[in-house]
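The values are calculated or read from the model by the stated rules, or taken from the named source; none is laboratory data. Computed from a prediction, not measured in an experiment: that's the story for all the values here. With ideal geometry, Cβ positions are generated from the backbone for all residues, glycine too; neighbour counts draw on all protein chains shown.
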Amino acid sequence: MTRRTRQEIGAHGEDLAVAELRCQGMEVLQRNWRCRFGEIDVVALDSSDGRRTAVFCEVKCRTGLGFGDPLESITYAKIKRLRRLAAEWLSQHELVVHGVRLDAIGVTLFRDREPLLIHVTGIGDA
């Protein structure tokens, strides 16, 4: 088996995260959106509670737990940057929403079993 690059691993993790969001009934609006402030992994629309909520999702993927859970790498600075990116995305797109939410999905890939996905909603809430 050939070794995958970090980019391939990250793309696979994002594919799994997007599939999970879709399974939860969300509409994925955009992936890997970039601007001068950085990149948003996934932008989705969650209408599950009858309200239209824009969801800005950070995806972290690792190939094991040797360096800890992937979600542990999401720092306060990363959340702050994601807030700024979300505001920038909303300013550039005409999307009517009732709320905004920041989520994170940690993906751990294992050689001998199914991937583990952990979806945390509202990571930027006080």
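Quick check on region 1-26: of everything there that is modelled with pLDDT of 95 or more and not in a helix (DSSP H, G or I), which residue is nearest to Arg84 (Cα to Cα)? Explain how you work it out, then say what you get.
We begin by selecting, within region 1-26, every residue modelled with pLDDT of 95 or more; these are 14-26.
Those still in the list that are not in a helix (DSSP H, G or I) too: 24-26.
Working: Gln24: 26, Gly25: 26, Met26: 22 Å.
The residue in question is Met26.
List the number of the failed condition for Ala77; all other conditions in (1) part of a helix (DSSP H, G or I); (2) hydrophobic (A, V, I, L, M, F, W, C); (3) more than 22 Å from Gln7 (Cβ to Cβ); (4) touching a residue at least 24 places away in the same chain (Cβ under 8 Å) hold.
The single condition Ala77 does not satisfy is (4).
Of everything in region 47-59, what is modelled with pLDDT under 95 and touching a Leu at 6+ places or on another chain (Cβ under 8 Å)? Give them in sequence order.
The answer is none; no residue qualifies.
Out of Lys60, Lys80, which single residue is of a type in the set (Lys, Arg) and buried (at least 17 other Cβ atoms within 10 Å of the Cβ)?
Working: Lys80 fails: buried (at least 17 other Cβ atoms within 10 Å of the Cβ).
After ruling out the rest, the residue left standing is Lys60.
Of the residues Leu95, Leu29, Leu71, which is modelled with pLDDT of 95 or more and closer than 19 Å to Gly124 by Cβ?
On the way: Leu95 fails: modelled with pLDDT of 95 or more; Leu71 fails: modelled with pLDDT of 95 or more.
Residue meeting the stated conditions: Leu29.
Scanning region 80-109 for residues that are touching a Ser or Thr at 6+ places or on another chain (Cβ under 8 Å) and part of a loop (DSSP other than H, G, I, E, B), which turns out nearest to Pro70 (Cα to Cα)? Give the derivation first.
Let us first name the residues in region 80-109 that are touching a Ser or Thr at 6+ places or on another chain (Cβ under 8 Å), namely 97-101, 103, 108-109.
This time we only want the ones that are part of a loop (DSSP other than H, G, I, E, B), so: 97-98, 109.
Details: Val97: 29, His98: 30, Leu109: 10 Å.
So, considering only residues that are touching a Ser or Thr at 6+ places or on another chain (Cβ under 8 Å) and part of a loop (DSSP other than H, G, I, E, B), the one nearest to Pro70 (Cα to Cα) is Leu109.
Which numbered condition in (1) crowded, with 19+ Cβ neighbours inside 10 Å; (2) under 12 Å from the mean Cα position of the chain (by Cα); (3) aliphatic (A, V, I, L, M); (4) farther than 15 Å from Gly10 by Cβ is the only one that Ala104 fails?
All conditions pass for Ala104, except number (4).
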